[in-house]
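The values are calculated or read from the model by the stated rules, or taken from the named source; none is laboratory data. Because the structure is a prediction, the values reported are computed rather than measured. When we count neighbours, we look across all protein chains shown, and the Cβ atoms used for this are built from the backbone with ideal geometry, even at glycine. Ligands, DNA and RNA are stripped out before the accessible areas are found, and what is left, the full protein with its side chains, is counted by its heavy atoms. Shrake-Rupley method; radii C 1.70, N 1.55, O 1.52, S 1.80 Å.
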Amino acid sequence: MDRPLTILGIESSCDDTAAAILRQPEEGPAEILASVVYGQTDLHAPYGGVVPEIAARAHAEKIDLSIEEALASSGVPLKEVDAIAVTSGPGLIGGVISGVMCAKGLSASLGVPLIGVNHLAGHALTPRLTDQVAFPYLMLLVSGGHCQFLIAHSAEKFTRLGGTIDDAPGEAFDKTARLLGLPQPGGPSVQSEATKGDPKRFRFPRPLLDRPGCDMSFSGLKTALLRQRDALIAEQGGLTLQDRADLCAGFQAAVVDVLAEKTRRALALYLEEAPSEPLLAVAGGVAANTAIRAALETVCAQNNVTFTAPPLALCTDNAAMIAYAGLEKYVAGQIDDMSLAARPRWPLDQTAPALLGSGKKGAKA
Ligand code: KG4
Ligand code: ZN
């Protein structure tokens with residue numbers, strides 16, 4: 001880099017409106033000067049999932065504010081921004097359009113380059129922002145909206161080894177919490193109940209483990225839990241606190257087993273490429289689960305693979321990752337123009353077969 005670069009990142013593809021300022025100095029790693037996130041959890045909570053129209057309206061309301069706050073807290077005046085990076089897909093189209101239109105306006109008025117970023121590339125490149133990880137590495141994205149294994153060969157080339165064909169794991173945690181009357185988001189509440197429960201009392205299915213490959217399925221798990229819950233209620237007239245903890249423990253054990261085994265298979269495929277510094281990075285809200293994290297760490301240790309997880313604020317949706325992915329594109333000379341389109345679907349690996357399902361957060365490619 002012959003001079004420092006300052007990138008404004010904008011993210012609005014799902015249920016978080018976010019802006020960030022990233023600075024790449026002449027030497028050394030990029031630095032996050034500000035990262036602002038306005039979540040919409042409360043707005044969607046009464047509906048049990050993200051409502052696209054509500055999300056789009058909230059993005060339109062908060063996008064300017066999040067950019068102003070990011071600029072103010074970074075101390076960077078708008079005129080010092082060298083490029084605008086924006087999520088241009090995949091995601092809920094209303095939100096993506098809000099971000100892209102805002103970025104186009106800023107790019108035109110400031111006369112600086114516009115860079116459209118794939119949201120999934122933002123997640124997948126985060127380990128390079130946080131830990132300067134070398135290519136190729138294996139990435140597991142596990143959140144309320146994503147679940148896929150990707151080999152990151154370069155900032156532009158990703159191979160998808162598999163993913164969920166229906167619900168994302170976070171979605172399954174959230175639905176489980178709802179079925180058991182636990183607070184949202186479901187992940188932390190189910191995890192905390194699970195620590196008090198017996199994971200062996202109820203044996204829930206381990207979907208797709210009997211089939212080869214790295215694809216996963218989590219929607220049957222919550223149906224099995226619903227049946228077990230209803231059977232207990234019919235038998236006893238209600239659920240005891242111990243029943244609830246045991247149901248959570250059984251559910252979590254099933255998710256852990258599926259993710260661990262599929263990770264084993266994904267690692268085997270990745271290691272065929274003989275990476276010189278083999279590494280698995282995990283990102284997404286579900287990466288906060290201690291049982292899942294411990295299982296993934298064990299699988300990595302058994303395979304002599306380094307395990308890493310970015311700090312949680314950079315694992316979940318944010319604009320610093322979009323600014324960073326934009327920086328990689330900028331350095332490679334991949335600049336967009338005013339014809340940049342918002343894309344609801346945009347698989348990172350165009351050659352992989354389409355996944356059948358879509359998460360509660362809409363189509364995520
Ligand atoms: O990355 P994130 O913020 O993305 C989406 O909005 O998709 O992840 C949120 C998801 C929620 O479904 C939440 O229940 C789940 O991550 N989650 C967890 C835990 N903490 C958050 N799932 C399991 N265990 C946790 N400790
Ligand atoms: Zn995301």
So Glu68, is it outside any helix (DSSP H, G or I) and open to solvent by 50 Å² or more (accessible area, probe 1.4 Å): no
statement: Across the stretch 141-162, the tally of residues that are outside any loop (DSSP other than H, G, I, E, B) and within 9 Å of the chain's Cα centre (by Cα) stands at 3
- request: Keeping to the stretch 280-294, report how many residues are on the phi < 0 side of the Ramachandran plot and either crowded, with 21+ Cβ neighbours inside 10 Å or free of Cβ contacts under 8 Å to residues at least 12 places away in the same chain (or both).
  value: 10
- prompt: Across the stretch 13-55, which residue is farthest from ligand 1 (Cβ to nearest atom) among those that are open to solvent by less than 10 Å² (accessible area, probe 1.4 Å) and among the small types (Gly, Ala, Ser)?
  reply: Ala34
query: Just wondering, is there one or more residues in the stretch 153-174 that are more than 29 Å from Thr306 (Cα to Cα) and near ligand 1 (Cβ under 9 Å from one of its atoms)?
result: yes
So Ala224, is it within 16 Å of ligand 2 (Cβ to nearest atom), at negative phi, small (Gly, Ala, Ser) and assigned to a helix (DSSP H, G or I): no
- line: For Arg229, the lone unmet condition from (1) under 18 Å from the mean Cα position of the chain (by Cα); (2) farther than 15 Å from Val256 by Cα is (1)
statement: Considering residues that are in a loop (DSSP other than H, G, I, E, B) and modelled with pLDDT of 95 or more, the number found within the stretch 183-202 is 8
message: Condition first: at pLDDT below 95, out of contact with any Cys (no Cβ under 7 Å at 6 or more places or on another chain), in a helix (DSSP H, G or I) and within 15 Å of ligand 1 (Cβ to nearest atom). Can you find one or more residues in the stretch 259-280 that meet it?
response: no
- prompt: Out of (1) within 16 Å of ligand 1 (Cβ to nearest atom); (2) outside any helix (DSSP H, G or I); (3) under 12 Å from Ala18 (Cα atoms), what's the single condition that is false for Ala58?
  reply: (2)
- prompt: So Leu92 clears everything in (1) more than 16 Å from ligand 1 (Cβ to nearest atom); (2) in contact with a Pro (Cβ under 6 Å, 6 or more places away or on another chain); (3) under 30 Å from Ala177 (Cβ atoms) except one condition, right? Which one?
  reply: (1)
- request: Would you check which residues across the stretch 298-339 are in a helix (DSSP H, G or I), more than 16 Å from ligand 2 (Cβ to nearest atom) and crowded, with 18+ Cβ neighbours inside 10 Å and list them?
  value: Val299, Cys300, Leu327, Glu328, Lys329, Tyr330
- request: Tell me which residues, restricted to the stretch 1-29, are among the hydrophobic types (A, V, I, L, M, F, W, C), away from ligand 2 (no atom under 13 Å from the Cβ) and under 21 Å from the mean Cα position of the chain (by Cα).
  value: Leu8, Ile10, Ala19, Ala20, Ile21, Leu22
Matching entry among Leu182, Leu141 (being within 15 Å of ligand 2 (Cβ to nearest atom) and not charged (D, E, K, R)): Leu141
